[in-house]
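Quick notes on the structure that follows.
Readers should treat all values here as calculations from the given coordinates under stated rules, not as data from a laboratory. The structure displayed is predicted, hence computed values, not measured ones.
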Amino acid sequence: MQPYTGFASVYDLFMDNVPYEEWTDYVVHLLKKYGVEQGIVLELGCGTGSMTS
C-alpha cells in the first residue's frame, strides 16, 4: 500500500471535480433496485476507496 500513498494526493487532485455524492446516490439506488438493502460493500480498483469508507 505504501507505493500508492504518494500517488493518492495526485489522484485526488485530478479527481476533485467528480461528483462522488451523486455517484454514491446512484450506486445505492441500483443496489436497492436489485434488492440489496444491507450488507458489506467491497470496493476494488476504485481510486482512493473513500466512497464507501
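Just a few scattered comments:
- A helix-only calculation puts the chain at -16500 deg cm²/dmol for mean residue ellipticity at 222 nm, using -39500 (n - 2.57) for each DSSP H run of at least four residues, averaged over all residues.
- From phi via Karplus (6.51, -1.76, 1.60), per-residue ³J(HN,Hα) for region 8-24 in Hz, x at Gly/Pro: 4, 5, 5, 4, 4, 4, 6, 9, 5, 9, 6, x, 4, 5, 5, 4, 4
- Projected-area mean, the chain, by convex hull of Cα positions, square nanometres: 4.3 nm²
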